[in-house]
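Beneath this line is the structure, given in structure tokens, with notes to follow.
A short reminder: the numbers here are calculations on the coordinates, not readings from a lab. Quick caveat: nothing in here was measured; it's all calculated off a predicted structure. So basically every Cβ, Gly included, is an ideal-geometry build from the backbone, and we count neighbours across all protein chains shown.
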Amino acid sequence: MNKPSNKTWKHKLHEIIYEADTPAGKLFDVILLIAIIASVLLVMLESVKSIDSKYHDLLNISEWVITILFSIEYIARVITVKKPSKYIFSFYGIIDLLSTIPKYISLVFGGIHALAALRALRLLRVFRILKLARYLGASNNLVNALKASRVKISVFLFAVIIVAVILGTVMYLIEGEENGFTNIPKSVYWCIVTLTTVGFGDIAPQTPLGQFIASLVMVLGYGIIAVPTGIVSAEYANQHANKNEEPKASDLHLNSRSCQNCLATNHKDDAEFCYNCGEKLKL
């Protein structure tokens, strides 16, 4: 007799935690986002010595309260799905775990609790709450463009490294140790810093020939920045041309209902079964 009631509370808890279309689910997600933001702010404030020295106990207690709440939420997410491993090893599952354990680890290794700032990654859940996931086609196109450009970019970066090694060696021979170019690796470092237009200024050529080469490296740096940008832009344009960015009419009737078996989301409003695993959806 206990089994049906056991299923009932799990289904209700699953609906609250994993779905954003119900009033309880929306309230849970809003509270969760507020808690995540508060947690990140607490970690930031604790890193300010003047604030930490004055409110250390308050900040520490507040962090523990939020950590315990996140721990309870993580356990609830695990026990309300039929296949816990689906959640545990999913992207959000790993992020949820990483955002929870730093405070516990800090009991053994001091200072590591600052990694709790990883909780900011949990704000990605706002896409599900605001139903923005269906409009992420542009980001998918960008990822595909980067993948399609990886060979060209790899060849280009390899050529840049060769140029940096050659010019760095030349500058080492021209400037020498007396001008700060004490060895070839350090000279290559200078070339990379100059080529990328960062220019820390910790090493600078002093001879006229060295300054002339440095000028060429600086000008070359602007051209180097433009090349990978053009490669990715061209691939992105191809991705955009091959795929319509506007959401389909059928996509406008999707909801955030989550399958209790495989955690798939974005089911149609009138769907009775999961499109991914065939599990019957709880209405």
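The table for this structure:
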{"quantity": "Cα-projected label distance for Tyr104 with Ile225, points at 7 Å along beta-carbon direction, nm", "calculated": "4.5"}
{"quantity": "Other-chain or far-sequence residues with amide H under 5 Å of His267's (modelled H)", "calculated": "Asn255, Arg257"}
{"quantity": "Karplus-derived 3J(HN,Hα), 6.51/-1.76/1.60, for each residue of the stretch 71-79, Hz, glycine and proline x", "calculated": "5, 4, 5, 4, 4, 4, 5, 5, 7"}
{"quantity": "Descending semi-axes in Å of the stretch 137-242, equivalent ellipsoid built from Cα gyration tensor", "calculated": "35, 12, 10"}
{"quantity": "In order through the stretch 97-106: 3J(HN,Hα) via Karplus (6.51 cos²θ - 1.76 cosθ + 1.60), integer Hz, x for Gly, Pro", "calculated": "5, 5, 7, 9, 7, x, 5, 5, 5, 5"}
